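Novice: The structure under discussion is supplied below as structure tokens; questions concerning it will follow.
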Amino acid sequence: MIQTAQDMKTYRDRIHQALENKFLRKALDNFASSYKVSRAKAFEGIDLEALRHQLADGKDQALTHLESLFQQFKAKAEAAGAVVHLAATAEEANEIIARIASDNGVHAIIKSKSMTAEEIHLNDHLEAEGFKVTETDLGEWIIQLRHEGPSHMVMPAIHLSRHQVGGLFSDVTGKPVDLEDIDRMVKVARKELRPVFLAADMGVSGANFAIAETGTLGLITNEGNARLTTTLPRVHVALVGLEKLAPDLETALRILKILPKNATGQALTSYVTWITGAVECAASPTGRKNLHIVFLDNGRLELARDPVFSEALRCIRCGACSNVCPVYGKVGGHALGHVYIGAIGLILTYFYHGKDNARAIVHNCLNCQACKSVCPVNIDLPYLIKKVYENILKDEGARPAKNVLLSLVMKNRKLFHTMLRMASSLQKPMVKKDAAVLRHLPFVFGKTQEFRTLPAFAEKPFREQWPSLRPHIPNPSYRVALFGGCVVDFVSPEQAVSLVKLLTAHHVQMEYPMEQSCCGLPAMMMAETETAVEVAVQNLQALDSQAYDYILVLCASCGSHLKEGYSRLLASKPELAEKLRRMQSRLMDFSSFMVNVLKVTPDAFVQSHTEVAYHSPCHLCRGLGVTREPRELLGTAGLNYIPCADEDVCCGFGGSYSLEFPEISAEILRQKLDHVDATGAQVLVTDCPGCVLQLRGGMNKRGSSVQVRHIAEVVAANLKSL
Ligand code: SF4
Ligand code: SF4
């Protein structure tokens with residue numbers, strides 16, 4: 001039985017254990033690297049975006065009439081000789097399947113891989129009822145022998161080394177197994193499982209599709225075991241989640257076109273099996289298969305009606321959201337999921353396995369958007385994860401003290417800014433001379449933050465420097481407002497000062513609307529939606545007060561939240577729709593403005609050819625979809641950009657995430673800095689002040705001479721004197 005931590009202390013202990021497993025990290029790293037390459041290759045020449053939209057729309061449509069699709073499927077499948085059941089709950093599904101087994105005098109059951117069967121803990125139930133159940137998918141068999149759950153939805157035993165598997169097989173067979181010879185191990189499994197297939201009375205499978213117009217099941221697999229499971233024994237039970245209902249074959253084939261490519265980077269799986277009705281079966285006394293199809297509701301019908309969460313039911317279980325998740329890559333599926341793993345697991349656990357199992361794991365998200373960017377059915381996974389957290393807080397009826405405090409302070413801009421100024425004064429004894437970092441960490445951070453130096457607050461925030469900095473450009477080419485964000489304003493005002501220099505040189509009038517506050521993303525991350533809405537309204541008022549051609553951001557996270565997050569937050573305020581549209585249509589990141597609007601040219605810059613590596617912030621490359629402009633700008637500004645491995649992988653900051661899960665943040669950061677070091681560049685550039693803090697803190701801590709700079713700073717530094 002799967003044991004998932006239900007409180008943060010136990011969960012942190014689990015995380016520590018997972019991080020100590022060096023094999024796990026190496027295996028997941030290797031897989032993540034090869035997955036990226038093979039996925040890109042598999043989708044070559046395919047309009048993936050169009051396909052994703054088609055798939056998502058098709059799924060959404062089906063979700064609006066699951067009951068009628070079920071009735072249509074039932075009528076067709078039963079006409080073809082199957083018996084179709086509908087189980088309202090996991091318990092009911094278990095009982096139905098156990099009853100089918102006992103009614104048919106079954107003793108031995110074989111199973112092919114099914115996440116739905118994992119969801120209802122089918123094996124535990126059948127074994128408790130006295131049946132012998134054997135998993136026949138290699139990975140599932142291994143974890144069954146180890147009495148543990150899958151650590152990946154597609155590759156359930158990815159967490160195990162060949163030595164562990166070889167040792168296990170030695171124990172099972174009572175014979176030594178060569179721990180280096182994987183082919184031999186596969187043969188051992190085959191030899192052990194063949195007689196089990198032949199002796200089985202009943203096979204249990206899942207299904208990837210249930211096609212309503214024909215009553216057909218579709219299974220896509222890579223091992224031949226599913227074919228054997230569904231054909232050899234006289235009884236076949238297919239357990240299918242209601243969301244697998246598809247209206248027709250065409251819809252199923254669209255999913256088939258994308259699923260293997262997105263799951264493992266394969267053009268197609270080795271086997272695609274279609275089953276319609278009770279076919280001939282030599283082992284059956286009647287000569288025909290005894291086919292039962294058990295559909296599982298377990299909350300799906302209610303979820304399908306939920307205006308926020310229904311999109312989670314689009315999931316086709318490709319597992320890609322784990323493959324690209326930096327957190328999964330460090331701790332694996334046993335620490336990032338309950339039964340369902342990875343980003344979708346953080347959501348489905350709440351609905352299928354209850355808030356107690358979701359309470360701790362739901363915190364473990366950096367909001368890096370990597371999962372969302374690869375999801376073939378466009379599920380906004382990071383957003384739904386935050387909404388699950390919000391639901392849990394509501395269910396429990398108590399908000400953590402830090403949430404209450406954050407909301408109180410953030411709603412009141414003046415109080416918030418006063419507190420930031422006070423923090424700046426109070427930190428003075430701790431600030432390292434001439435370094436803008438803290439000499440030692442305040443006790444509240446204990447030892448957990450020692451993987452990086454922490455920045456000091458600026459002596460004078462940007463908003464206090466602004467009156468003396470404000471340029472007066474006669475007949476400017478553009479009028480722009482800067483949305484600074486808390487870090488630029490109170491920690492790194494030099495980034496905004498660089499912007500002033502660049503804009504002035506290009507004849508642009510900049511303004512800094514003083515009523516602006518924090519963008520509200522930290523409140524969203526802590527599921528304080530009401531506060532996030534209030535802050536969004538304040539900022540909208542502040543940014544709309546004058547006519548600007550553009551609203552610029554130096555912080556990708558603020559920019560992405562203003563652009564995308566505000567649309568969701570303010571959807572229930574139609575009176576603000578026009579203001580919101582106006583703000584969002586003018587919002588632009590720094591690099592895009594320089595490249596696409598100002599169209600800056602090399603003659604404005606000293607061609608220093610300084611070698612720079614680049615980190616692409618999550619909220620810039622995935623949130624705002626900006627990838628070309630920063631790299632182009634570096635070249636135009638006379639810098640020599642050296643490509644670095646995994647530039648678009650998160651740096652591990654994630655705002656408060658790095659305080660809540662410092663060990664994971666440190667590990668992600670370590671890998672990022674190793675990649676940067678490998679380039680040999682002496683400067684690391686990025687376009688998000690939060691990433692600058694994390695990366696600079698990490699470089700400082702390792703005593704590196706690599707300078708970490710915001711892109712506005714390095715570009716401004718190369719500006720030719722006027
Ligand atoms: S947003 Fe990033 S950290 Fe969060 S679940 Fe998705 S991939 Fe993982
Ligand atoms: S949520 Fe999306 S990426 Fe994750 S398993 Fe489901 S379909 Fe695949």
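Novice: Which one of 355, 386, 414, 394 is of a type in the set (Lys, Arg), farther than 20 Å from residue 561 by Cα and buried (at least 16 other Cβ atoms within 10 Å of the Cβ)?
Specialist: Of 355, 386, 414, 394, the one residue that is of a type in the set (Lys, Arg), farther than 20 Å from residue 561 by Cα and buried (at least 16 other Cβ atoms within 10 Å of the Cβ) is 355.
Novice: A further question on this structure: Residues that are without any contact (Cβ under 8 Å) to a residue 24 or more places away in the chain: which helices (runs of 4 or more DSSP H) entirely in the range 548-592 hold 2 or more of them?
Specialist: 577-586
Novice: Can you name every residue in the range 381-410 that is in contact with a Lys or Arg (Cβ under 6 Å, 6 or more places away or on another chain) and near ligand 2 (Cβ under 10 Å from one of its atoms)?
Specialist: Of everything in the range 381-410, just one residue is in contact with a Lys or Arg (Cβ under 6 Å, 6 or more places away or on another chain) and near ligand 2 (Cβ under 10 Å from one of its atoms), namely 381.
Novice: While we're on this one: Counting residues that are over 34 Å from the mean Cα position of the chain (by Cα) and at pLDDT 95 or above, which strands (runs of 3 or more DSSP E) fully inside the range 77-187 reach at least 3?
Specialist: Passing ranges, in order: 83-87.
Novice: Confirm whether residue 314 is closer than 19 Å to residue 120 by Cα, of a type outside the set (Val, Ile, Thr) and either away from ligand 1 (no atom under 16 Å from the Cβ) or in contact with an Asp or Glu (Cβ under 8 Å, 6 or more places away or on another chain) (or both).
Specialist: Against the criterion (closer than 19 Å to residue 120 by Cα, of a type outside the set (Val, Ile, Thr) and either away from ligand 1 (no atom under 16 Å from the Cβ) or in contact with an Asp or Glu (Cβ under 8 Å, 6 or more places away or on another chain) (or both)), residue 314 does not qualify.
Novice: So how many residues does the range 478-492 have that are touching a strand residue (DSSP E or B) at 6+ places or on another chain (Cβ under 6 Å) and under 15 Å from residue 459 (Cβ atoms)? Break it down into steps so the answer makes sense when it comes.
Specialist: Taking the range 478-492 first, the residues touching a strand residue (DSSP E or B) at 6+ places or on another chain (Cβ under 6 Å) are 478-483, 491.
Keeping just the survivors that are under 15 Å from residue 459 (Cβ atoms) gives 491.
Qualifying residue count for the region: 1.
Novice: Scan the range 311-332 for residues that are near ligand 2 (Cβ under 6 Å from one of its atoms) and not in a helix (DSSP H, G or I) and jot them down.
Specialist: Of the range 311-332, the ones near ligand 2 (Cβ under 6 Å from one of its atoms) are 315-321.
Residues satisfying the conditions are 315, 316, 317, 318, 319.
Novice: Assuming residue 308 fulfils every condition listed in (1) aliphatic (A, V, I, L, M); (2) within 14 Å of ligand 2 (Cβ to nearest atom); (3) more than 14 Å from the chain's Cα centre (by Cα); (4) more than 24 Å from residue 93 (Cβ to Cβ) apart from one, which condition is it?
Specialist: (2)
Novice: Here's another thing I want to ask about it. Among the residues of the range 354-362, is there at least one that is within 29 Å of residue 47 (Cα to Cα) and either modelled with pLDDT under 95 or within 16 Å of ligand 2 (Cβ to nearest atom) (or both)?
Specialist: No, because not a single residue in the range 354-362 is within 29 Å of residue 47 (Cα to Cα) and either modelled with pLDDT under 95 or within 16 Å of ligand 2 (Cβ to nearest atom) (or both).
Novice: Does residue 345 count as in contact with a helix residue (DSSP H, G or I) (Cβ under 6 Å, 6 or more places away or on another chain), within 20 Å of residue 243 (Cα to Cα) and within 9 Å of ligand 2 (Cβ to nearest atom)?
Specialist: Taking the combined requirement at face value, the residue does not satisfy it.
Novice: Please find, within the range 214-268, the residue that is surrounded by the fewest Cβ atoms within 10 Å (Cβ to Cβ) out of those that are of a type in the set (S, T, N, Q) and in contact with a Pro (Cβ under 7 Å, 6 or more places away or on another chain). Don't jump to the end; show me each part of the working.
Specialist: We begin by selecting, within the range 214-268, every residue of a type in the set (S, T, N, Q); these are 214, 216, 221-222, 225, 229-231, 251, 262, 264, 266.
Cutting the leftovers down to in contact with a Pro (Cβ under 7 Å, 6 or more places away or on another chain) gives us 262, 266.
Values: 262: 26, 266: 15.
The qualifying residue surrounded by the fewest Cβ atoms within 10 Å (Cβ to Cβ) is 266.
Novice: Quickly run through the range 144-163 and pick out the residues that are more than 22 Å from residue 112 (Cβ to Cβ) and free of Cβ contacts under 8 Å to residues at least 24 places away in the same chain.
Specialist: First pass over the range 144-163, keeping only residues more than 22 Å from residue 112 (Cβ to Cβ): 161-163.
Answer for the range 144-163, where residues must be more than 22 Å from residue 112 (Cβ to Cβ) and free of Cβ contacts under 8 Å to residues at least 24 places away in the same chain: 162, 163.
Novice: Quick one: is residue 282 in the same structural domain as residue 216 (by TED's automatic domain parsing), more than 16 Å from ligand 1 (Cβ to nearest atom), farther than 17 Å from residue 55 by Cβ and out of contact with any helix residue (DSSP H, G or I) (no Cβ under 8 Å at 6 or more places or on another chain)?
Specialist: So residue 282 fits the description; yes.
Novice: Output the residue which, of all residues in the range 326-376 that are among the basic types (Lys, Arg) and within 15 Å of the chain's Cα centre (by Cα), is nearest to ligand 1 (Cβ to nearest atom).
Specialist: In this case the residue turns out to be 372.
Novice: Right, next: Criterion first (assigned to a helix (DSSP H, G or I) and within 14 Å of ligand 2 (Cβ to nearest atom)) does residue 250 satisfy it?
Specialist: So residue 250 does not fit the description; no.
Novice: Exactly one of these conditions fails for residue 653: (1) within 16 Å of ligand 1 (Cβ to nearest atom); (2) assigned to a helix (DSSP H, G or I). Give me its number.
Specialist: That leaves (2) as the condition not met.
Novice: Looking at the range 316-336, I want the residues that are within 13 Å of residue 154 (Cβ to Cβ) and have a partner that is more than 10 Å from ligand 1 (Cβ to nearest atom) and among the polar types (S, T, N, Q) with Cβ atoms under 6 Å, at least 6 apart or on another chain. Which pairs are those?
Specialist: 318/262; 320/262; 333/151
Novice: Out of the range 686-701, which residues are farther than 19 Å from residue 498 by Cβ and either among the polar types (S, T, N, Q) or out of contact with any Leu (no Cβ under 7 Å at 6 or more places or on another chain) (or both)?
Specialist: Matches in the range 686-701: 694, 700, 701.
The values are calculated or read from the model by the stated rules, or taken from the named source; none is laboratory data. A quick note: this is a predicted structure, and the numbers were derived from the prediction, not measured. Cβ atoms come from the backbone with ideal geometry, glycine included; neighbour counts cover every protein chain shown.
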